[in-house]
Amino acid sequence: MAWAMRAMQHAEIYYKLISSVDPQFLKLTKVDDQIYSEFRENFKNLRIDILDPEELKSESAKEKWRPFCLKFDGIVEDFNYGTLLRLNCSQGYTEENTIFAPRIQFFAIEIARNREGYNKAVYTGIKEKEEKEASNGGDKGANSRGEEEKGANREGEKEKTNEREEKEKEACKEISKSSETTM
């Protein structure tokens, strides 16, 4: 049960991170470059935006993945620890959109999604939602209840930018802490 809680905590932290920071610039491990190059060398044609569970879990897929994963034994801490992986990268972690995978498989796919721009949909979707909520108040800066809202004027926009920067820093700290303990 403890591993499941850790896997869910890791998933929540990771999703917060890609929602707060442009995923293209994220570094998940010290060896992202090596993971990415090995992954694309071994899985050139693997579609990563929407994963087919058969390409990860079937017997033939396991035979391809096993040597890849074992290359990172001793390089990536807990490389075979169980993590949750989103099947469709434009969606969040739900029961229908999640598969259990070894940590190195998670890193390989998510690093590729970040570098190839697939995870940007999450970041821009959240950013657009925040901007829409901020602009719902109209010119007077009021929300649907008639209350004053931050972000409705230039000063508010500065506050919103500072809040986003703080969220990014906080998410990076959380993922770093999580990397030390759960990843």
- Tell me, what is the per residue accessible area of segment 1-133 in Å², probe radius 1.4 Å? 54 Å²
- Item | Computed label-point distance, nm, for sites LYS129 and ASN80 using a 7 Å Cα→Cβ extension | 3.7 nm
- Item | FRET efficiency estimate (nearest 0.05) - Cβ-Cβ, ILE50 to ASP22, R0 22 angstrom | 0.55
- A student applying the Cα gyration tensor rule (rounded when a/c is under 1.5; otherwise prolate if a/b is larger than b/c, oblate if not) would label segment 1-89 rounded
- Message: Going by Cα centres, segment 16-93 and segment 116-134 are how many Å apart?
- Response: 22 Å
- Message: If packing is taken as the average count of other Cβ atoms within 10 Å, what order do 20-26, 130-136, 57-63 fall into, highest mean first?
- Response: 20-26, 130-136, 57-63
- Item | Protection proxy ranking, peptides 119-126, 1-8, average beta carbon neighbours within 10 Å, highest first | 119-126, 1-8
- Item | Spin-label zone in segment 77-118 - amide nitrogen under 16 Å from a point set 7 Å from the Cα of GLN34 along the C-beta vector | 77-80, 104-105, 107-108
- Task: For GLU12 and ALA61, compute 0.36 nm times the residue count separating them, minus their Cα-Cα distance, and round to one decimal in nm.
- Result: 14.9 nm
- Note on the structure: Once all protein chains are kept in place, TYR118 shows an accessible area at probe 1.4 Å, nearest 10 Å², of 90 Å²
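The values are calculated or read from the model by the stated rules, or taken from the named source; none is laboratory data. Because the structure is predicted, anything quoted here is derived from the model rather than measured. Cβ: placed from backbone, ideal geometry, glycine included. Neighbour counts: every protein chain shown. Remember, those area values only see protein heavy atoms, side chains included, never the ligands or the DNA or RNA. Shrake-Rupley method; radii C 1.70, N 1.55, O 1.52, S 1.80 Å.
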